Amino acid sequence: MTSVLGSALAAGLTAGPALGGTKFAAGVQEALTLEQSSIVWQVLCLAAMLMSVAAAISTSLSNSHAVSTKVTAAEVCNAQLDGLKTALDLGRMSLEDAIELYQQYTIQVAFVDDAEDKAKFPR
């Protein structure tokens with residue numbers, strides 16, 4: 001949400017000068033009683049840059065959170081599969097039940113590439 005808002009604000013801050021040009025700058029200069037119209041351009045460009053940086057950081061943080069969620073899911077699945085293997089090794093579970101649980105566990109990590117397929121078909 002922050003990245004969308006930051007991007008929208010950056011676009012909004014640059015829209016006035018882009019569409020209005022020198023007339024826009026002169027109008028803001030008069031309205032704020034500034035000595036030079038260049039101050040208008042500098043402030044708007046600085047604010048747009050800050051909004052763009054905030055949007056980029058927000059997007060990066062959002063993506064890193066998604067990665068940590070996937071890593072956690074993969075670790076949970078790995079533990080479940082270890083438990084499943086142990087139950088099979090000890091004869092505590094039928095093969096049919098193990099297959100059903102295997103399918104339930106692995107569907108939660110469908111985003112994980114199959115290592116064998118990657119070895120056969122490298123990108």
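Bear in mind that the values in this text are calculations on the coordinates, not laboratory data. The shown structure was predicted, so the numbers you read here are calculated from the model rather than taken from an experiment. A quick note on method: Cβ atoms are made from the backbone with ideal geometry, for glycine too, and the neighbour counts reach across all protein chains shown.
Starting from the Kirkwood radius over alpha-carbon pairs of the stretch 1-40, derive D by Stokes-Einstein at 10 °C in a medium of 1.306 mPa s and give it in µm² s⁻¹. It diffuses with D of about 144 µm²/s by this estimate. Using 0.36 nm per residue and subtracting the Cα-Cα separation, the extra length available between residue 72 and residue 96 on full extension is 5.9 nm.
Loop-located trypsin sites (Lys or Arg not before Pro) in the stretch 1-103 (DSSP state not H, G, I, E or B) with no more than 14 neighbouring Cβ atoms inside 10 Å: 92. In the set [x] 13.9, 41; [y] 16.5, 51; [z] 27.8, 86, which value of Rg and Dmax of the Cα atoms in Å was calculated from the structure you see? Computing Rg and Dmax of the Cα atoms in Å and matching it to [x] 13.9, 41; [y] 16.5, 51; [z] 27.8, 86 gives [z].
A simple rule links phi to the HN-Hα coupling: the Karplus curve 6.51 cos²θ - 1.76 cosθ + 1.60 with θ = phi - 60°, which for the stretch 57-66 gives 5, 4, 5, 4, 5, 5, 5, 5, 5, 5 Hz, with x for Gly and Pro. Working note: 222 nm ellipticity from helices only, DSSP H runs with n ≥ 4, each -39,500 (n - 2.57), summed and divided by the residues of the chain, gives -29000 deg cm²/dmol to the nearest 500. Binning the alpha carbon pair distances of the stretch 33-89 at 5 angstrom intervals from zero yields the distribution 4, 16, 10, 10, 10, 8, 8, 7, 6, 6, 4, 4, 4, 2, 2, 1, 0, expressed in whole percent.
Against the chain, whose longest principal axis is taken from its Cα atoms, helix 2-31 shows a tilt of about 10°.
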